[in-house]
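The values are calculated or read from the model by the stated rules, or taken from the named source; none is laboratory data. Remember, it's a predicted structure, so these values are computed and weren't measured experimentally. Ideal geometry is used to build each Cβ from the backbone, glycine not excepted, and the neighbour counts take in all protein chains shown. Areas reflect the complete protein model, heavy atoms only, side chains present, ligands, DNA and RNA absent. Shrake-Rupley method; radii C 1.70, N 1.55, O 1.52, S 1.80 Å.
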Amino acid sequence: MQEVIEQARNAFRERYGRNPAVYGIAPGRVEVLGNHTDYNGGYVMSAAIDRVTVVAVDKAGRGQSWVFATQKGVEATFALDAIQPDPHDRWADYVKGVVVEMQKAGLPVEPFDAVVAGNVPIGAGVSSSASLEVATAMALLELHGASLPQWEVAKLCRRAENEFVGMPCGILDQFSSVFGERDSILFLDTRTEEHEAIPLPTGSFGLILIHSMAQHALVSGDYATRHRECMEAAAWFRERLGEHVQLLRDVSWEEFLQWESQIPEPLRRRARHVISENRRVLEGRDALHRGDVARLGEMMYASHESSRADYENSTPELDLLVKLAREYGATGARLTGAGWGGATINLVKEAQMEEFARRVGEEYTRLTGIQPMVYRCHIAQGATAIRE
Ligand code: GLA
């Protein structure tokens, strides 16, 4: 983290000729269990990781606001009273979206200079986008001496993504980036907003992210399709079970089984995934409370199978990585995040981690010709802001 802050400071000095006043710092996340449950009012388990986006800011001495992204070497400039999305410059939309939502919430935003730096891998399913949103919000709040409760920060950033960027995501990524706790797995009930941090027995298990380096489709299009299908499935159950069914969260597994033969495809499979996944998350949470990491791992494998067969958001590469994970002794493994490419998350015994990472990596390359990216994830604290 320290070196990313250094990098942001140096880039800021180089571009604007002075030090920044404030740094917003926000981590990426891994989704441990609960695939596509969040926008269905369901349950998720996740963890913030020790990869961060840093947004260094200071008030600008001119009318325009400027943002420079060090990873991409590009900059965006805009006037605060005329902020528009830019289809050629999507990364800046995450920053602009947060500014727009802060304005809508009546929070102060004056023209600013900013630099974005980070080491959250992009496109790996660890939510570099949410970390950029949250780091921006943390930086701008601190810069203006404003504050918001943590939940409001997460929700504001989700609205930025839903409304400004146009991605109908749930709250998982922003929640995890804000609420992360060192060495703990987060549990969240997205309906009631009840959440807790459950310690992962340290010294015994760790998380390894393996990026398949293979993307299969335009994720945002598929994501929106699944979102729509889930809303249709909820409406189908609403007609039969009553108005209390707002989202698939409100349909029990027993009710699903009762109607399973009548609901048309593909809604049947989409609903089966979401409703069974909610049960797996609750089971996984209970297992972790008992210290039964093996059971949590079984839920992860079952989750992957459900995503693959019923939600159809896996890829042959992700399936292969999960198969290899099982062969080489991972306690649990599954795709993490939206899917249709990206990465798997692997729960591995501490003593086996190095060997596991090496063997799965080599075998994956031998079978596909693709070099995967393998990261050991250290579970880290959530977002913060510091003054220079
Ligand atoms: C993406 C979204 C999240 C969540 C996951 C799938 O990461 O941003 O809100 O829906 O996909 O579980």
(request) Return the total of residues in segment 134-157 being surrounded by 24 or more Cβ atoms within 10 Å (Cβ to Cβ), more than 12 Å from residue 96 (Cα to Cα) and in contact with a Leu (Cβ under 9 Å, 6 or more places away or on another chain). (result) 1
(request) Could you check, for segment 178-188, whether at least one of its residues is at pLDDT 95 or above, open to solvent by less than 40 Å² (accessible area, probe 1.4 Å), in contact with a Pro (Cβ under 9 Å, 6 or more places away or on another chain) and not small (Gly, Ala, Ser)? (result) yes
(request) Within segment 84-95, count every residue that is in contact with a helix residue (DSSP H, G or I) (Cβ under 7 Å, 6 or more places away or on another chain) and surrounded by fewer than 18 Cβ atoms within 10 Å (Cβ to Cβ). (result) 2
(message) Being within 21 Å of residue 130 (Cα to Cα), buried (at least 17 other Cβ atoms within 10 Å of the Cβ) and not assigned by TED's automatic domain parsing to the domain that holds residue 130 narrows it down to one residue among 226, 249; which is it?
(response) 226
(message) For segment 33-77, give me each residue that is within 16 Å of the ligand (Cβ to nearest atom) and outside any strand (DSSP E or B).
(response) 34, 35, 36, 37, 38, 39, 40, 41, 42
(request) For residues that are hydroxyl-bearing (Ser, Thr, Tyr) and more than 13 Å from the ligand (Cβ to nearest atom), scanning just segment 129-157, find the one that is farthest from residue 44 (Cα to Cα). (result) 147
(request) Scan segment 197-217 and give yes if some residue there is open to solvent by 10 Å² or more (accessible area, probe 1.4 Å), within 15 Å of the ligand (Cβ to nearest atom) and not assigned by TED's automatic domain parsing to the domain that holds residue 338, otherwise no. (result) no
(request) Quick one: which strands (runs of 3 or more DSSP E) lie wholly within segment 265-379 and hold at least 1 residues that are surrounded by fewer than 22 Cβ atoms within 10 Å (Cβ to Cβ)? (result) 341-349, 373-377
(message) If residue 55 satisfies all but one of (1) closer than 20 Å to residue 143 by Cα; (2) open to solvent by 40 Å² or more (accessible area, probe 1.4 Å); (3) out of contact with any Asp or Glu (no Cβ under 7 Å at 6 or more places or on another chain), what's the number of the condition it fails?
(response) (2)
(request) Could you tell me whether segment 182-191 includes any residue that is over 21 Å from residue 37 (Cβ atoms) and outside the structural domain of residue 36 (by TED's automatic domain parsing)? (result) no
(request) Could you list, in sequence order, all residues of segment 222-243 that are among the small types (Gly, Ala, Ser), within 16 Å of the ligand (Cβ to nearest atom) and more than 17 Å from the chain's Cα centre (by Cα)? (result) 233, 234
(request) Go over the candidates 90, 15 one by one and state the one that is over 30 Å from residue 300 (Cβ atoms), within 16 Å of the ligand (Cβ to nearest atom), in the same structural domain as residue 134 (by TED's automatic domain parsing) and in contact (Cβ under 8 Å) with a residue 60 or more places away in the chain. (result) 90
(message) Checking the structure you have, find out if any residue of segment 158-169 is touching a residue at least 24 places away in the same chain (Cβ under 8 Å), within 14 Å of the ligand (Cβ to nearest atom) and among the small types (Gly, Ala, Ser).
(response) yes
(request) Identify all residues within segment 15-28 that are more than 9 Å from residue 115 (Cβ to Cβ) and open to solvent by 10 Å² or more (accessible area, probe 1.4 Å); write none if there are none. (result) 17, 18, 19, 21
(request) Taking the options 178, 116, 126, 98, name whichever one is away from the ligand (no atom under 14 Å from the Cβ) and either outside any strand (DSSP E or B) or in contact with a helix residue (DSSP H, G or I) (Cβ under 6 Å, 6 or more places away or on another chain) (or both). (result) 98
